[in-house]
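*Asks:* Provided herewith is a single structure, encoded as structure tokens, for subsequent inquiry.
The values are calculated or read from the model by the stated rules, or taken from the named source; none is laboratory data. Predicted, not measured: the structure shown is a model, and the values here were computed from it. Don't worry about glycine lacking a Cβ; one is built from the backbone with ideal geometry, like all the others, and counts go over all protein chains shown.
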Number of protein chains: 2
Amino acid sequence: MGNLAIPLSAARAVNPPTSAKPAGRILVVEDDPAVQKALRRLFETEGYAVEIQSDGRSALDSFQAAPPAAIVLDLRLPKVSGRDVCKEVKALAPTLPIVVLSAASDVSDKVLLLELGADDYVTKPFSPRELLARVRAALRHTARTPDVQLVNFDGITADFKKMEVKRDGNVVVLTAQEFKTFQFLVQNADRVISRDELLNEVWGYQNYPSTRTVDNHILKLRQKLEKDPSSPVHFRTVHGMGYKFVR
Amino acid sequence: MGNLAIPLSAARAVNPPTSAKPAGRILVVEDDPAVQKALRRLFETEGYAVEIQSDGRSALDSFQAAPPAAIVLDLRLPKVSGRDVCKEVKALAPTLPIVVLSAASDVSDKVLLLELGADDYVTKPFSPRELLARVRAALRHTARTPDVQLVNFDGITADFKKMEVKRDGNVVVLTAQEFKTFQFLVQNADRVISRDELLNEVWGYQNYPSTRTVDNHILKLRQKLEKDPSSPVHFRTVHGMGYKFVR
DNA sequence: CTTCTTTTGACATTCTTTTTACAACTTCAA
DNA sequence: TTGAAGTTGTAAAAAGAATGTCAAAAGAAG
């Protein structure tokens, strides 16, 4: 049986091209002035409006005055701790995405973050791009495209929440990687995805195998899900570009 | 220093040459000759043009002479430190992606990278693939200049995002190169483009075929998209100059 | 250690790009 | 107007790349 334990980070590593930015306002809660400045620059360059608060109390006030699109929250804060801010915000606005900044030691236990209700976290020292990516992902996850959680086509049923795929009523066993690939393609249906993008988004930076690996996973998906794997209808090749999923 | 374990074998085996990439030039700023060599090979194998500078001063000069598509920057450099290079470049070109190479000890502090304005970082010793992945991701992100994304003329519809072109409602299959040529011409409508410019912009530095190749691609585009290919209306020849697209 | 998954490598096949050759066209000067 | 000289249109051949596929190797999980 395929073990479909998808790590937190990977589960939402879904990243359609961010074209023109409608953006939104991001509330940054951080007490170090240097970091404040840097974060402001980082997000503003990307077209987000940025509001900065230096302590938990003001953060909560600000949040209640006008809820932002997302919150970037340092866990170590004066007055009201980041944890409490997190809890309180989540109690009032469960869907508002919160990305936590934390020292590695603070999250020795990931469970803690889940309890807090944070959507994602980045440990210091972190890559600016990564933070950006996670904030984007968090935003997309809640607000923008309510990610497809159920898909139905041909004779295939996929429930991404349950991580279950059926074909004509029978469960199809996908391996973890196959499942992630499938999910990413489906959630980016009709868009051509290059192998590189798949490697980045589905495999991640840490393990970056050769592009042929992608082909093999597509092969498996076709074998398991296409009526006629040798002339695929849904998992299409776009020669010289990549693959695209069509319903 | 120079304890950068970059297995050369890995550099070779990273990825099968992935197609005609627009690629671009990468400025590598690094003083260790061994690493220079490895990085050159890594990126060139992947179809990027590589320029190497050994110290901060020359890096800045080079950047100002002709900005590259991305910068890979060692933090420890002679003359002008990597930090200063980073800051200065970001001040002048905030969107130019910079990936920093650093010893683990250099980034013990989350402030640093953010303050510098770097987009991403890799700690030594690093995996060639990871570096590549990060540079690619950085490039992909900024490369999203969503010029025109949708075009409509005569009976032709083009969706550059989906990489799809339709003619009277039916999908017209364009090859990768044809599509890129088409996109470039359309996004530079009414301007005369020389064959050399097309080769530079569409084909890129790496593969530079003869100018007749361009003619053939225009031919294909006419055959696929013009009502009467033998007297083209949209893909016009400007004798002695090149081609131009008119809506 | 065994089993299952992922990745690699090789090869055949298919599809794309480039070259090539020649006809047709344009330009310009005589 | 006519005829070089240079450009471009065109199709087909040649060269080159990308992909499909399978089996073996490497790696993880149990």
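*Asks:* Tell me, yes or no, whether the range A:173-183 has at least one residue that is surrounded by 14 or more Cβ atoms within 10 Å (Cβ to Cβ), of a type in the set (A, V, I, L, M, F, W, C) and under 22 Å from B:MET163 (Cβ atoms).
*Replies:* Within the range A:173-183, one or more residues are surrounded by 14 or more Cβ atoms within 10 Å (Cβ to Cβ), of a type in the set (A, V, I, L, M, F, W, C) and under 22 Å from B:MET163 (Cβ atoms).
*Asks:* Can you name the residue in the range B:31-61 that is part of a helix (DSSP H, G or I) and hydroxyl-bearing (Ser, Thr, Tyr) and is also modelled with the highest pLDDT among such residues?
*Replies:* So, considering only residues that are part of a helix (DSSP H, G or I) and hydroxyl-bearing (Ser, Thr, Tyr), the one modelled with the highest pLDDT is B:SER58.
*Asks:* When residues of the range A:155-191 are filtered for being out of contact with any helix residue (DSSP H, G or I) (no Cβ under 8 Å at 6 or more places or on another chain), away from DNA strand C (no atom under 16 Å from the Cβ) and more than 14 Å from chain B (Cβ to nearest Cβ), how many remain?
*Replies:* Number satisfying all stated conditions: 11.
*Asks:* If you don't mind, another one. When you scan the range B:139-247 for helices (runs of 4 or more DSSP H) that lie fully inside it, which ones turn up with 3 or more residues that are away from DNA strand D (no atom under 15 Å from the Cβ) and over 30 Å from A:LEU42 (Cα atoms)?
*Replies:* B:176-187
*Asks:* In addition: Residues of the range B:42-63 being among the hydrophobic types (A, V, I, L, M, F, W, C) and within 14 Å of the chain's Cα centre (by Cα), which ones?
*Replies:* Of everything in the range B:42-63, those that are among the hydrophobic types (A, V, I, L, M, F, W, C) and within 14 Å of the chain's Cα centre (by Cα) turn out to be B:PHE43, B:ALA49, B:VAL50.
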